[in-house]
Protein chains: 6
Amino acid sequence: MRITLINPNTSVAMTRKVEAAAREVAGPGVEIVALCPPPGDGPEAVESHFDEVRAASVVVDLIERDLEAGGSDGYVIACFGDPGLDAARELVDVPVIGIAEAAMHVAALTGRTFGIVTTLSRTLGRADDLVLRYGFERACVAAYGTGIPVLALEETGSAAFEDIAAWCERVVREDGADAVVLGCAGMADLCARLSARVGVPVVDGVAASVGLVAAMSRMGVGTSKRDEYARPSRARARAAAIA
Amino acid sequence: MRITLINPNTSVAMTRKVEAAAREVAGPGVEIVALCPPPGDGPEAVESHFDEVRAASVVVDLIERDLEAGGSDGYVIACFGDPGLDAARELVDVPVIGIAEAAMHVAALTGRTFGIVTTLSRTLGRADDLVLRYGFERACVAAYGTGIPVLALEETGSAAFEDIAAWCERVVREDGADAVVLGCAGMADLCARLSARVGVPVVDGVAASVGLVAAMSRMGVGTSKRDEYARPSRARARAAAIA
Amino acid sequence: MRITLINPNTSVAMTRKVEAAAREVAGPGVEIVALCPPPGDGPEAVESHFDEVRAASVVVDLIERDLEAGGSDGYVIACFGDPGLDAARELVDVPVIGIAEAAMHVAALTGRTFGIVTTLSRTLGRADDLVLRYGFERACVAAYGTGIPVLALEETGSAAFEDIAAWCERVVREDGADAVVLGCAGMADLCARLSARVGVPVVDGVAASVGLVAAMSRMGVGTSKRDEYARPSRARARAAAIA
Amino acid sequence: MRITLINPNTSVAMTRKVEAAAREVAGPGVEIVALCPPPGDGPEAVESHFDEVRAASVVVDLIERDLEAGGSDGYVIACFGDPGLDAARELVDVPVIGIAEAAMHVAALTGRTFGIVTTLSRTLGRADDLVLRYGFERACVAAYGTGIPVLALEETGSAAFEDIAAWCERVVREDGADAVVLGCAGMADLCARLSARVGVPVVDGVAASVGLVAAMSRMGVGTSKRDEYARPSRARARAAAIA
Amino acid sequence: MRITLINPNTSVAMTRKVEAAAREVAGPGVEIVALCPPPGDGPEAVESHFDEVRAASVVVDLIERDLEAGGSDGYVIACFGDPGLDAARELVDVPVIGIAEAAMHVAALTGRTFGIVTTLSRTLGRADDLVLRYGFERACVAAYGTGIPVLALEETGSAAFEDIAAWCERVVREDGADAVVLGCAGMADLCARLSARVGVPVVDGVAASVGLVAAMSRMGVGTSKRDEYARPSRARARAAAIA
Amino acid sequence: MRITLINPNTSVAMTRKVEAAAREVAGPGVEIVALCPPPGDGPEAVESHFDEVRAASVVVDLIERDLEAGGSDGYVIACFGDPGLDAARELVDVPVIGIAEAAMHVAALTGRTFGIVTTLSRTLGRADDLVLRYGFERACVAAYGTGIPVLALEETGSAAFEDIAAWCERVVREDGADAVVLGCAGMADLCARLSARVGVPVVDGVAASVGLVAAMSRMGVGTSKRDEYARPSRARARAAAIA
């Protein structure tokens, strides 16, 4: 089974980190590939709706290219806004999962409630949209921005870790969250330490989405191709033109 | 006052139709400009999430260019999925309104309930998302796809009109809608005849959005620049690079 | 185009203020008329459900009288509880909008969220009912009473302004509102100064409703006369008896 | 214990019917008084928002008069739109219950779901508002208007009964309601026969509200006088002026 | 009329307290019986989902036994988690009400909002489930655990009373509750004193449920036996086997 | 990794079927154990709330016994009502998932909407409760009972398959479901054939829950032990007494 992860920003370091996090939970027989756009062909980080628009284009393009190269058994959109998720579902019949979606589903299975700790507060509106879209408006008791930019996570010294840990503790102690969802693919490597610190499950969407895609693949369950998610004719035409 | 409408598909005919519909309701002192991407630089029509991703890119690009050319007093996204709306709001401090958003707000002011009649049924999922995002999940009593593709509306003979009218009547008689929202910018010219036929207000989002943008502009109310909708730094950087 | 505003309380000073606020945004070709009941024929202010019952009667009576005198192209109920709105919609086929309704719709178009700053806290229950009725329960992040009675706004010295501004700042800074809705027709003249102070759009319902009524009128969209909002037979009979 | 029922329409026949229905369930030690406005001082029936505005005035006035005459241990608003309920709660510290409210609460205790069968379909919007206000939007699976006007119920021959029974059966068999709420005080005498016919509990709001008021009174639980429902100063002043 | 209350824990002292609270509000002609399981046959207190599972078994068993002994005119589940309520409704055709359900319904009739003050915070999840199940998610503004275990209420010295009173005051003053619901059958005797202290209605579910069952019984309204709540065949078979 | 499935009914045949379905998707390194109560110690099938109460007791008891015997890396409650799920979560710190919960989460990942096809219509109320509890009230577009009792599935001839297939087709064609959730552990073996027939993903909760438990286990994410789901003291005491 091959699972392809799409990091829609241009950071190679973050793509490697995502890949490593995915491999750690993949289990035997699951091959992991992580892609990102070349410099200049995508946003350096996804921290606004403006970036999100560009990220969605990247996701669609990289999946189309992967399909031309033979395709995978499942796709993960490794960016917490789940950019291009609906479009990606149109393109394939295997599972496609966004890391925000995956993290929220898994967090919901650990208890009753969860909280989200993410990067910049300006992305919280997008997180709210996703919470509502996926049906977790009662499960999600709070969402906070730490103020740490995505790329600053790459140089995660102890200060960033301490900041993130403090927000995790707040969401657990004050908002009563049973679990914490980390709101950025770039936080994938902090999961275990944070969980040990705050004493509740801390869920990274990269790991969660790999687990969910693998489970669906083993069940023979992919993306529904009924109406809304059928492959659009223009996508077909374009793929033909590119090929 | 200048209002710029962005039609994110490449149909010049539809762009002219949108412009005409906007001018009809603009009132004295309101200049209307309607833009669309050159052929090949955007989707021919927006009928899938795949198209929506490309449309959002077009919206962002055309607004950025309009800003470089001096900008307008308000923007309308003339495509029923409201592609790129949140990103557009980040870019400007004047009002930006999508035509789905505008049509739903105006329809809600005509009574208690409304229904949506749109093009292909596969776009109803996106319409549902917008209904929920804007808070009209109780007001919107039904949404139907007519099965008429966007571009077929350009050659609207009587058959298409009759089909659309039949769906409008259904949403009023069987679903109890007080008003009908037309789910495509390409239906802008059918509004008055449909309203006469079904006996309730039939709302076109192009006209609705022009009215709302003009009203907000006269009130001195634009887009909030607080946090989520503040202009993103990467947009600033990119604009500088382009300039 | 003639728009009639109904202030259901007996304060002539507030009625003049409402009229002025309406004229300021009316634009060319829009005539503004503002009515209020004579002393003793309506509540001095609307600050309770008890007052609201009387205000609703006033609204219905003044609209019936205006209709007998030839009618207008649209009506505004210039009281934040939107008293009598559904009944008013039954009486006419032109647009009728309440100022709470108008302010919330416009505020929702400026971003994602808004807060309400009103007079007495005892009126917040009614505001909640309207937020839910209009579908803004997710958009409206907070509502506060300042404790300033309606009529005290007429003598708005700097103390009242400072109080209101402080609540506006709270709703923006602490509750994360993208915009502020002013919850009383008597605050119509404070809008621009408050907006300058708090740095986000501050929306007055009087101005908002004039803009929305004018927009709907230009679109040829009025009140749906289907079933619920058809003119009731008893209203017809009574009008005949009065005439 | 004395319970006063307010029928806000001018039909003496319906008032007697309401009184009889109340007495039947009152139990020992509960005195029932039923009031209505004199002809010309209220609507003949309540079948529109226009009527509702007048009915609310009647409710407030009759409660104020009853208070001046010594008051009661609880009040029932015997009109399915619950007109003036919030204002009535401001005026007293004993329980006040509307018959729509009471019927929905009792119906919810008989199982999981209920349906509403009422008079004219144009009143269904008001019923929807109340369903939402009281929190029964998931419990209420359907609401239908029979098309029978309120006053026609007074001459309930077998045809009207059969019509109403047919709608009750529909709401049970097709919509899966566990119970039926009758949407008019004038249907109070049909309850037992309808229940025998359709085989599920059929709930009349008059009986339900008397039971709830009596229960609250025995518990020593009345209307909360905190903030929103505190007696308004203008009501005090007006009562003093009248006295 | 005979009403049977089931206390599913093994505390005889709490059962006597529940019985006394029920008798106080029962009114003439209502006989009260309170049952509990013998020591070892049920949980000592219900303070977790684990206890809840055992409590539900007790409720089902004690109702079955009461039915074999002739049955009652109505049943009350005297435990705030309403354990076994749906199963109990399947077994009988008379009214069955849980004390959480009853308290919330009555509290909702005293104004707009209520808060819950209960024993251990770990039971708040169950309270949330019930609030949602009964439709009070907008009415219930807050729920707090005092940290006082159920059985410690039996030795209610002034310290426990003061603690509970402090939480009641918080829910009224800070969360704006119009009424307070006490979240444990063991608090039944504190109601009047707490109400006097905080100045709003304080509702005990034992008294509330007795009033509601009596009201329904006088109306001839019981549990709907349609589909979901029809007596299950296995219950029939088992009862036959036991008999 | 060892995953223990609890079938709370006494059917050994169904337990073997559940075990087989689980093994088929378990993947390398995952040991599957399926338990059920001995005849007479649990319900023969779970088709009512009455059965559900007994099933919850079985779940709690079998998990306690498995823990005494060394415990597993995760638990699945293999009964569509998810009986005892919250109590089970209190008892362990590894993942515990109900098959209704698992099936709904996976179905939600295949598109936008799903429908449920289950056994008796009387169990739909419980399904509704779970849909709401897990946040899928917008995703779940319809739920139907086939009228086929649980144990009749064991003798699934072609008639039962055709019936179930017809309901699956209805939920896809008429209600617009993107996927179908099978509402009984006894349908686990029909999944692939049904999916081939209706052309959309058909999700069996047994397979789904095994995949989710395995994914969570590999991530090191278990059940949150914060407050509500901490192991209750009475469970500890009882386990000690038994041991």
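The values are calculated or read from the model by the stated rules, or taken from the named source; none is laboratory data. Here the structure is a predicted model, which is why all the values come from computation and not from measurement. Here the Cβ is made from the backbone with ideal geometry for all residues, glycine too, and neighbour counts use every protein chain on show. Ligands, DNA and RNA are excluded from the accessible area calculation, which covers all protein heavy atoms including side chains. Shrake-Rupley method; radii C 1.70, N 1.55, O 1.52, S 1.80 Å.
Surface composition of the range F:1-160: carbon and sulfur atoms hold 52% of the protein heavy-atom accessible area at a 1.4 Å probe. Per the rotation superposing chains C and A, the chain C residue found at the smallest beta carbon distance from the axis is C:E137, 6, distance in Å.
Taking both sides together, what accessible area is buried at the D/E interface, probe 1.4 Å, expressed in Å² and rounded to the nearest 100? All intermediate terms of the calculation are to be shown ahead of the outcome.
Working: alone 10750 and 10750 Å², together 17810 Å².
Using a 1.4 Å probe on protein heavy atoms, the buried area is about 3700 Å².
Each label point was placed 7 Å from the Cα along the Cα-to-Cβ direction; for F:A20 and D:V12 their separation is 8.0 nm. Averaged over residues, the count of other Cβ atoms within 10 Å places the peptides D:86-95, E:83-92, B:222-231 in the sequence E:83-92, D:86-95, B:222-231, highest first. If you line up the long axis of helix A:233-242 against the longest principal axis of chain A, both from Cα atoms, how many degrees apart are they, to the nearest 10? Result, in degrees: 70. The angle between the Cα long axis of helix B:99-108 and the main principal axis of chain B comes to about 50°, on a 0 to 90 degree scale.
Taken along the Cα-to-beta-carbon direction at a fixed 7 Å, the label points for A:R173 and C:R193 span 4.4 nm.
In terms of packing, defined here as the mean over residues of other Cβ atoms within 10 angstrom, the peptides D:122-129, C:37-44 line up highest first as D:122-129, C:37-44. Under 5 Å between amide hydrogens, built in the peptide plane, is the criterion, and for B:V96 it picks out B:Y75 among residues at least 5 positions away or on other chains.
Residues of the range E:43-59 that become at least 20 Å² less accessible with every protein chain present than in their own chain isolated, using 1.4 Å: which are they? SASA drop of 20 Å² or more in the range E:43-59: E:E44, E:H49, E:F50, E:D51, E:V53, E:R54, E:S57. Axis angle, to the nearest 10 degrees, between helix F:158-173 and the longest C-alpha principal axis of chain F: 80 degrees.
Sorted from shortest to longest, the distances between the C:R193 label points of this copy and the other copies are 5.3, 5.3, 5.4, 6.8, 7.9 nm, with each point 7 Å from Cα along the line through the beta carbon.
Using Cα-Cα distances under 8 Å and only pairs 6 or more residues apart, what relative contact order does the range B:100-204 have, in percent?
On the way: 174 pairs, mean separation 37.0, N = 105.
Relative contact order comes out at 35 percent.
Which residues, if any, in the range E:126-164 lose at least 50 square angstrom of accessible heavy-atom surface (probe 1.4 Å) when the other protein chains sit next to their chain rather than the chain being alone? By number: E:D129, E:L132, E:R133, E:R138. Peptide E:103-116 is shielded by partner chain Cβ atoms: per residue, an average of 6 of them sit within 10 Å of its Cβ. Each residue, B:D41 and C:A69, gets one label point 7 Å from its Cα in the Cβ direction; the gap between the two is 5.5 nm. Residue by residue along A:83-95, Cβ atoms of other protein chains within 10 Å of the local Cβ number 4 on average. Peptide packing for C:215-221, C:190-196 was compared via the average number of neighbouring C-beta atoms within 10 Å per residue; ordered from the highest value, the list is C:215-221, C:190-196.
Dividing the mean sequence gap of close Cα pairs (under 8 Å, 6+ apart) by how many residues the range D:1-133 holds gives a relative contact order of 25 percent. Taking amide hydrogens as placed 1.01 Å from N in the peptide plane, the amide H of F:V203 sits under 5 Å from those of F:V180, F:V181, F:L182, each at least 5 positions away in sequence or on another chain.
Look at where the Cα atoms of the range A:1-69 and of the range F:165-216 average out, and the two centres are 30 Å apart. Across the identical copies, the 7 Å label point of A:G29, projected outward along Cα→Cβ, sits 1.2, 7.2, 7.2, 7.3, 7.4 nm from its counterparts, in ascending order. Each other copy places its own label point for D:L151 at 4.0, 6.2, 6.2, 6.8, 7.8 nm from this one, sorted shortest first, where the point lies 7 Å along the Cα-to-beta carbon line.
Calculated mean residue ellipticity, 222 nm, chain F: -14500 deg cm²/dmol, from DSSP H runs (n ≥ 4) at -39500 (n - 2.57) each, averaged per residue and rounded to 500.
What accessible area per residue, rounded to a whole number of Å², is obtained for the protein assembly as shown using a probe radius of 1.4 Å?
Working: 44510 Å² over 1458 residues.
Accessible surface, normalised per residue, equals 31 Å².
Let me confirm one metric for peptide A:205-214, namely the mean number of other chain beta-carbon atoms within 10 Å of its residues' beta-carbons.
Numbers: counts 0, 1, 6, 4, 2, 3, 10, 7, 3, 5.
Counting other chains' Cβ atoms within 10 Å and averaging over A:205-214 gives 4.
Return a whole-number percent for the relative contact order of the range F:73-154, with Cα pairs under 8 Å and 6 or more residues apart as the contact set. Walk me through the numbers on the way to the answer.
Values: 101 pairs, mean separation 22.3, N = 82.
Normalised by residue count, the contact order of the range F:73-154 is 27 percent.
Coupling constants for the range F:214-228 follow from the phi torsions by the Karplus curve (6.51 cos²θ - 1.76 cosθ + 1.60, θ = phi - 60°), and in residue order they are 4, 4, 5, 4, 5, 6, x, 10, x, 8, 5, 9, 7, 6, 3 Hz; glycine and proline get x.
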